[in-house]
Amino acid sequence: MKLIFEFSLLLIGAFSFAQTNLIDTSTWTVGTGAATGFYRLGIDAENVREMGTDPYGNQSVLWAAVPDATSNSSNGGFKVHMNMDHTKTYRFSVWIKKTNSNDGRTDFGIWAGNSSGADAMLKLDGTASNHVLWNGDLPSLDTWYLLVGFIHHSGYTGTISDGGIYDPATGQKVPGITGFIDLKFASDADDLSPRAYLAWDSNTSNRQYHYGPELYEVNGQEPTIAELIDPNGSGSGQTVWTTSGNDINYTAGNVGIGTTNIGTWKLAVGGKIRAEEVKVETGWADYVFAEGYDLPTLKEVEEHIKENGHLINIPSGAEVEANGIELGDMNRLLLEKIEEQMLYILQLEKRILKLEERPKTQ
């Protein structure tokens, strides 16, 4: 690994891309029923994960609600439980698409509970609430929409709801949607359960598809709504980032942080880097101890220093200032000098021993 040192290099923490999604969908594999870490809403047969076209035009695993002939409050969908902090605000979003007909309704919500399992969420006016952020019919059939909702910290005093349904074609909230509300935590809340599902639908030809549920703490590090709708900002609806659980990777090109002068480096940083450890894979300097190594004489070393102002094979200060250093190569060269010094020491020791063995003159 090679790093450009445009400023000081500090060994500290890890590179991250914004904030980690608190909902891990890596267990969404093709099949029926629940997925690891998720609860199904409805019976197993109403919850089918299958390959399909996601909102970005890629083939991905979608969670389909497949209603049976019985109309009830849950005809397929998911929820996930997690611990939370009632002093923080969270944003829940999920892509949903309904097909065939508007029978039944789409339910989108967040439930919060306390240590006793009782409801612990409120409307913004402080009155008790159930889990529903919104329910109703999506603006159009056969179209992906991004549903976004908020549950605020327990001390929140705002009265205006920020949630809504976003149209990826415009990047804006769909106008005229009524009934969308924000919630806030009660002060004893300690459990959070985002959910999305199809309800009261007995039309067996209907399908409701869910994709990409995401939950973020609202702290300025979460992706913007625009980034959720179009992650690479190109209007193509596709992203160059690939996620797997909490891991994210990018293989389409090179990355610059704090600089646009990336060159051919996989990662160019215009600033300081902090990490607990850096592993560099490079050649090593044990060739110094190999038979036939051309060890410079100390006279040659002295002359090189007088002429160039630095050790043999070591870059000058001007070169380092202009081009930086390659961490792996520099470690190898420093070891080369250490090993050469050891050979000089061993040579000097042999000379000293010979001198000590010479007969002393009176």
What is the stretch 63-177's relative contact order, in percent, from Cα pairs under 8 angstrom and six or more apart in sequence? 26 percent
With a cut-off of 8 Å between alpha carbons and a minimum separation of six or more residues, what is the relative contact order of the stretch 286-357 in percent? 33 percent
Can you tally the net charge around residue 120? Count Lys and Arg as +1, Asp and Glu as -1, for every other residue whose Cβ sits under 11 Å from the Cβ of residue 120. -3
Could you tell me which residue out of 19, 204, 156 lies farthest along the dipole of the chain toward its positive end? Charges go on the beta carbon: Lys and Arg +1, Asp and Glu -1, centred on the Cα centre. 156
As I understand it, the dipole of the stretch 286-357 uses +1 on the Cβ of Lys and Arg and -1 on the Cβ of Asp and Glu, about the Cα centre. Which of 318, 355, 345 lies farthest toward its positive end? 355
Given +1 on the Cβ of Lys and Arg, -1 on the Cβ of Asp and Glu, and no further charges, what dipole in debye does the chain carry about its Cα centre, rounded to the nearest 20? 260 debye
Roughly what angle does helix 298-308 make with the longest principal axis of the chain, taking Cα atoms, 0 to 90 degrees, to the nearest 10? 60 degrees
Unit charges at the beta carbon, dipole of the stretch 58-167: most positive-side option, 87, 61, 140: 87
Can you give the local net charge around residue 192? Use residues other than it whose beta-carbon is closer than 14 angstrom to its beta-carbon, Lys and Arg +1, Asp and Glu -1. -2
Run the helix sum for the chain: -39,500 (n - 2.57) per DSSP H stretch of 4+ residues, divided by residue count, reported at 222 nm to the nearest 500 deg cm²/dmol. -5000 deg cm²/dmol
So for the chain, what are the equivalent ellipsoid semi-axes in whole Å, largest first, each being the square root of 5 times an eigenvalue of the Cα gyration tensor? 64, 21, 20
Ranked on Cβ counts within 10 Å of their own Cβ, fewest leading, 89, 259 go 259, 89
Provide the percentage of antiparallel DSSP beta bridges, counting only those with both residues in the chain; round to the nearest 5. 95 percent
Whole-number percent relative contact order across the chain, with pairs defined as alpha carbons under 8 Å at least 6 apart: 22 percent
Ranked from fewest to most other Cβ atoms within 10 Å of their own Cβ, 358, 195, 274, 40 fall in the order 358, 274, 40, 195
For a footprinting-style exposure proxy, rank 201, 329, 24, 247 by other Cβ within 10 Å, fewest first. 247, 329, 24, 201
Could you give the angle, 0 to 90 degrees to the nearest 10, between helix 327-357's Cα long axis and the longest principal axis of the Cα atoms of the chain? 30 degrees
Filter the cross-link list 299/337; 79/184; 97/173; 79/266; 79/173; 266/337 down to pairs whose alpha-carbon distance in this structure exceeds 27 Å. 79/266; 266/337
Proximal aspartates and glutamates to residue 272, defined as alpha-carbon separation beneath 14 angstrom and excluding residues fewer than eight positions away on the same chain: 6
If Rh is defined by the Kirkwood formula over all Cα pairs and Rg also comes from Cα, what ratio Rg/Rh do you get for the stretch 101-197? 1.01
Can you pull out the GluC sites (Glu not before Pro) in the stretch 281-362 whose DSSP state is coil and whose Cβ has at most 16 other Cβ atoms within 10 Å? 281, 291
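None of the figures in this text is laboratory data; all of them are computed from the coordinates on show. All figures in this text were calculated on a predicted structure; none of them were measured in a lab. Neighbour counts are summed over all protein chains in view; Cβ atoms, including those assigned to glycine, are modelled from backbone coordinates with ideal geometry.
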